[in-house]
Amino acid sequence: MDKSKQQETFISIADLWRLCTARWRWFVLSVGVCLAVALFYLYKTPYTYTRTAAVMVIEENAGQGTGSDGNGNGLGGIGFVNRKSNVLNVMRHISSLDVLTEVVHQLHPEMPFKDMWDEAKEVEARFTAEVEDMQSTVIDLTYKDYSTTVAAKTLNMIIDVYNEKVHQEKLELTKQTSAFIDARLKLLERDLDAVDDSIAVYKSRYGITNLEHVSDIYLQEQSRSDTEILTLTNQKAMAEYIRSLLADKEHPQLLLVNSGINNAIIEEQVTLYNTLLLQLQSHLDYTTEQNPLIINQQKELASLRNNILANVNNHIRTIDIQLLALRNYHSEAAQKIMSNPEQAKYLESIQRDKKVKESLYLYLLQKKEENEISVTYKSSNIYVIDPPHGAGKPTAPNRPGIILAAMMLGLLAPVTFLFLRASFDESVRDHFDIEANSDIPFLGEVPYSGKEHNLEHSLKNLLLRFGIGHRVQSSGIVVGYGKLDASNEAFRVLRNNMETIVANKALGQHGRVYIVKSTQIEAGKTYVAMNLALTKAIGRRHVLFIDGDLRQASASRLWRTPLLGLTDYLSGDEDDFHRLLCHPEEYDTLDVLPAGALPLNPIELLRSARMMQLLKQARQEYDAIIIDSPSAGMLADADIIEHLADCTLFVIRAGRFHRRRLYELKPVHSRDKQDKMQYVVLNGVSVNVRYGSAYLHKYERTKKDVETVELTEKTIQLNKIIFRRPKNWKKS
């Protein structure tokens, strides 16, 4: 097949529209159910009103006092009464169960305490506190209730209770702070008096004027000696580390470069040592230690190692001498500093103590004044900028929105179901699928001949797909005189298409042999073959119908023919096939050759020369020969007959044949490729979707008019077709 013909078989909007309009009752039922549920919900749900308020949080910097030490570092970080108000903390506090329980108590003082907790939980569910922006200090408070008055009153009560709790908190904290400050001030006063007395007594006893200048000189000398001792100690440690690395002769390692040793000779030797060691290690990668070159390098490396060890040992001895001299100098400076250590140390500690106590004393005095001022007025960390307000209309439930959502849901549910079912349906839906996925041309389509596709019928088909229930068998004959339904019109179109093809091909005057085959079970192959033969007979064509299905003889059972037929002719029991023909009573131009008794060797009979002889003779006597064959696939019967036929009609059942299997329908070429015709017939197309309800109503009106005009004796009952037996017919 030409790949350019392949196209996407995804359901289109037009197909979806046809599916929806054909099943409009589904939409009426779905919308009705959804509206009923929505109305019941609205009937049971009371109106809810919303009231909102806005409060602004006052950001208070902790400890905004002026107290600071001599270095300018404020001591206000300790903080007492003025705590910093965080917006998130205020939101959490104002919506806490502690506040809401007090609100319930204020609104319902007679309510038992055990019920207050449950009521507070309900208030918490209806109350929300949120901010529009994390950088904002404005909190939006919202409360929902069945009464506007109760909602506004509850919001006001929540704000009042929160402010009262914050004020009580601050008042309690102020009292505790005042007691603490008074106690600490008394202790600091006694300590400062004692410090001043001790300084005066000590200085008068020893006659001290100024010890800071002399002590600073000695301390600078001592600090410089400490720095030099530390530097020499580090150099000695690095030299000892290098000596430890050189001591390991079995596993030589690279030495530190720029290690901080203040000796240029050692640094040069270390660099040379590392270079020789790297060369030796690289040479050992491709040679052995017995190599003279390696032996020379090892000797040179050992000699250099000994030189470095000697220089390092000398350097360490030099450092030890320097350290001894510096430590002696350090001891002398320390002795000079310690000539009056008790005086300096004692005075320094007393002065430091005095500064700390003075700073703390001044800070506590300031806080005492702030604390006394805060007691005189009632403050809060929030204030109302928008009192409780709201619209007079209820905010919930949203009646128009719920009704609109119910209607939309009622419309979308069937559409979604039909769309998903059609999208996941990979079967052949219409002739577009056949034309897009098969090289065999499309001849026509046959609608579903059962009852009208109502909701009950659709549900039955859905259950049948899952194996629930059983399918009702029918006679399979729908074509008759005076019938104008969709099935009869479809078979007339199919007949006209076949005759047009024969005329265009200019195939001569001989009758053409048509084989009706299918590659699937229950595709309607026998149904199409039988009704196509009847349609041609109604069109005054001399038609021979041969039941070539020697496996099941479906057409023979449906037409209730005798047990003698094609098998008897092919096996040689009957020489003249005309003696085996059956003639439907009301169809003068139609002859039926039954299958006869089911043989054990159907393939051998169909391959016999008598089959070719039968068709050759029939071509001279009939305008068309229609052969019903067994289902193709695992059986070779249909393929044998197909090579003897002029035209092959592949029957595909809509909704049951997978689109991917269309690639299996490959054209079969005869010896004369231009003489071979192959076409596809689509069976089981939905009448409602394809023809529409308007056509069916028009058909019902036309049928009544035709029945009054047409000769009723020309109409036969399809389930009771009577055959005229030949005069020399044999009993089975």
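Scanning the range 140-152 for any residue that is open to solvent by 70 Å² or more (accessible area, probe 1.4 Å), under 36 Å from the mean Cα position of the chain (by Cα) and not polar (S, T, N, Q) turns up at least one such residue. Out of Lys336, Lys354, one residue alone is touching a Phe, Trp or Tyr at 6+ places or on another chain (Cβ under 6 Å) and either at pLDDT below 80 or open to solvent by 40 Å² or more (accessible area, probe 1.4 Å) (or both). It is Lys336.
Tell me yes or no: at least one residue of the range 549-563 is touching a helix residue (DSSP H, G or I) at 6+ places or on another chain (Cβ under 6 Å) and surrounded by 22 or more Cβ atoms within 10 Å (Cβ to Cβ). Taking every residue of the range 549-563 in turn, at least one turns out to be touching a helix residue (DSSP H, G or I) at 6+ places or on another chain (Cβ under 6 Å) and surrounded by 22 or more Cβ atoms within 10 Å (Cβ to Cβ).
Results for (1) part of a loop (DSSP other than H, G, I, E, B); (2) among the charged types (D, E, K, R); (3) over 27 Å from Val493 (Cβ atoms), shown as yes or no for each residue.
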site: Ile546; (1), (2), (3): no, no, no
site: Leu563; (1), (2), (3): yes, no, yes
site: Tyr569; (1), (2), (3): no, no, yes
site: Asp573; (1), (2), (3): yes, yes, yes
site: His583; (1), (2), (3): no, no, no
site: Val592; (1), (2), (3): no, no, no
site: Leu598; (1), (2), (3): yes, no, yes
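Do we find a residue being more than 20 Å from Val543 (Cβ to Cβ) and within 60 Å of the chain's Cα centre (by Cα) anywhere in the range 609-630? Yes, the range 609-630 has at least one match. Entry remark, the range 266-282: residues being over 16 Å from Leu246 (Cβ atoms) and either open to solvent by less than 40 Å² (accessible area, probe 1.4 Å) or without any contact (Cβ under 8 Å) to a residue 12 or more places away in the chain (or both) number 2 in total. Remark: pairs (first residue in the range 180-197, surrounded by 13 or more Cβ atoms within 10 Å (Cβ to Cβ); second residue of a type in the set (Phe, Trp, Tyr); Cβ separation under 6 Å; 6+ apart in sequence or on different chains) = Leu188/Tyr361.
Does Glu169 fit the bill of being free of Cβ contacts under 8 Å to residues at least 12 places away in the same chain and open to solvent by 10 Å² or more (accessible area, probe 1.4 Å)? The answer is yes for Glu169. Out of curiosity, is Leu534 surrounded by fewer than 17 Cβ atoms within 10 Å (Cβ to Cβ), touching a residue at least 12 places away in the same chain (Cβ under 8 Å) and among the aliphatic types (A, V, I, L, M)? Answer is no for this residue. Out of the range 203-231, which residues are under 17 Å from Glu348 (Cα atoms), loosely packed, with under 15 Cβ neighbours inside 10 Å and either of a type outside the set (A, V, I, L, M) or modelled with pLDDT of 75 or more (or both)? Selection gives Lys203, Ser204, Arg205, Tyr206, Gly207, Thr209, Asn210, Glu212, His213, Asp216. Give me a count of the residues in the range 8-51 that are part of a helix (DSSP H, G or I) and farther than 25 Å from Arg399 by Cα. Residues flagged as part of a helix (DSSP H, G or I) and farther than 25 Å from Arg399 by Cα within the range 8-51 amount to 12. Of everything listed in (1) modelled with pLDDT of 70 or more; (2) touching a strand residue (DSSP E or B) at 6+ places or on another chain (Cβ under 9 Å), the single unmet condition for Met407 is (2). Test Thr500 against the criterion of being in a helix (DSSP H, G or I), buried (at least 17 other Cβ atoms within 10 Å of the Cβ) and either among the basic types (Lys, Arg) or within 56 Å of the chain's Cα centre (by Cα) (or both), and give yes or no. Criteria not met by Thr500. When Pro562 is tested against (1) at pLDDT 85 or above; (2) touching a Cys at 6+ places or on another chain (Cβ under 9 Å), exactly one condition is not met: (1).
Of all the residues that make up the range 285-294, how many are exposed (fewer than 14 other Cβ atoms within 10 Å of the Cβ) and closer than 15 Å to Pro252 by Cβ? Count: 1. Within the set of pairs 6+ apart or on separate chains, which have a first residue in the range 218-242 that is under 24 Å from Val312 (Cβ atoms), a second that is open to solvent by 70 Å² or more (accessible area, probe 1.4 Å) and part of a helix (DSSP H, G or I), and C-beta atoms under 8 Å apart? From residues that are under 24 Å from Val312 (Cβ atoms), the pairs are Ile229/Arg327; Leu232/Gln322.
Out of Gln509, Gln552, I need the residue that is within 19 Å of Asp646 (Cβ to Cβ), in a loop (DSSP other than H, G, I, E, B) and at pLDDT below 90. Which one?
Result: Gln509 is the single residue among Gln509, Gln552 that is within 19 Å of Asp646 (Cβ to Cβ), in a loop (DSSP other than H, G, I, E, B) and at pLDDT below 90.
Scanning the range 2-60 for residues that are at pLDDT 80 or above and of a type in the set (S, T, N, Q) gives Thr21, Ser30, Thr45, Thr48, Thr50, Thr52.
Within the range 621-636, is there a residue that is assigned to a helix (DSSP H, G or I), more than 16 Å from Ala529 (Cβ to Cβ), modelled with pLDDT of 90 or more and open to solvent by 30 Å² or more (accessible area, probe 1.4 Å)?
Checking the range 621-636: at least one residue is assigned to a helix (DSSP H, G or I), more than 16 Å from Ala529 (Cβ to Cβ), modelled with pLDDT of 90 or more and open to solvent by 30 Å² or more (accessible area, probe 1.4 Å).
The values are calculated or read from the model by the stated rules, or taken from the named source; none is laboratory data. What you see is a predicted model, and the numbers here were worked out from it, not measured in a lab. In this analysis, Cβ positions are derived from the backbone assuming ideal geometry, glycine residues included, and neighbour counts consider all displayed protein chains. Accessible surface is based on the protein model in full, side chains and every heavy atom, while ligands, DNA and RNA are left aside. Shrake-Rupley method; radii C 1.70, N 1.55, O 1.52, S 1.80 Å.
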